[in-house]
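Following: one structure in structure tokens, then a few remarks.
The values are calculated or read from the model by the stated rules, or taken from the named source; none is laboratory data. Because the structure is predicted, anything quoted here is derived from the model rather than measured. So basically every Cβ, Gly included, is an ideal-geometry build from the backbone, and we count neighbours across all protein chains shown. What goes into the accessible areas is simple: the full protein's heavy atoms, side chains included, and nothing from ligands, DNA or RNA. Shrake-Rupley method; radii C 1.70, N 1.55, O 1.52, S 1.80 Å.
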Amino acid sequence: MKKISFPFTILLLFFAFNTYAQSPFHLGVKAGANFTDLSNNLKDYNSKTATGYAAGIMMRLDIKKTYIQADFMYSEKNIDFNGEFVNSSSSELKMKNFEVPLVIGYKLIDAKIVNVRAFAGGVYTSIEDAKLTSESVENVFKNFQKNNIGYRVGVGLDLLSFTLDISYDGSLNDIHKDFKSRPNTWFVALGFKFI
């Protein structure tokens, strides 16, 4: 295994050195963990943060120190519920989504091999599936809004062709038609730019 992984690591680093500064357009992949809570006004239920994941592709266009980035992501977000009407000690809401964030960023530090960035923009989310592990909570969550608009703010680090982003997503509209229900998500993602 070591014989295979060492040459692969060298090849990846060589590729990173040769691609990080060649073009203002970048294409890559990213994946990471998300931590989601739900702001709601339900009297009988409390929500708490649970962990999910996201993965997809990213496209970035550099314009000097400014850049525009669009991602196409598949994500699974989980939210835990508890309350006196939950049959078990807790119930989990699982949402499978397609997300398209579009952000404008600025490079606070723009060095040759490392960049430190700040960014902000919007996120379109399409909820493809939503399931609950408890029937008592499922009766409450029947009318999901499939399409949602939100915002994203965050900071990032580029090292050669590798990226690290930490962002916060907030919703501008409720995901449920009958009561206040806005997901709040922290997202930590690692990426690699092929171009």
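Heavy-atom accessible area of GLU92 with all protein chains present, probe 1.4 Å, nearest 10 Å²?
Approximately 50 Å² for this residue.
Tell me the label-point distance for the pair ALA33, VAL100, using the 7 Å Cα-to-Cβ offset, in nm and rounded to one decimal.
Going by the 7 Å Cα→Cβ label model, 3.0 nm.
Which whole-Hz couplings ³J(HN,Hα) result when phi for each residue of the range 107-122 is put into the Karplus expression 6.51 cos²θ - 1.76 cosθ + 1.60, θ = phi - 60°, listed in order with x for Gly and Pro?
3J(HN,Hα) across the range 107-122, in whole Hz: 7, 5, 10, 10, 8, 5, 10, 9, 10, 10, 10, 10, 8, 7, x, x.
Going from most exposed to least, what order do LEU190, LEU27, LEU102, LEU160 have by accessible area with a 1.4 Å probe?
Result, largest first: LEU190, LEU102, LEU27, LEU160.
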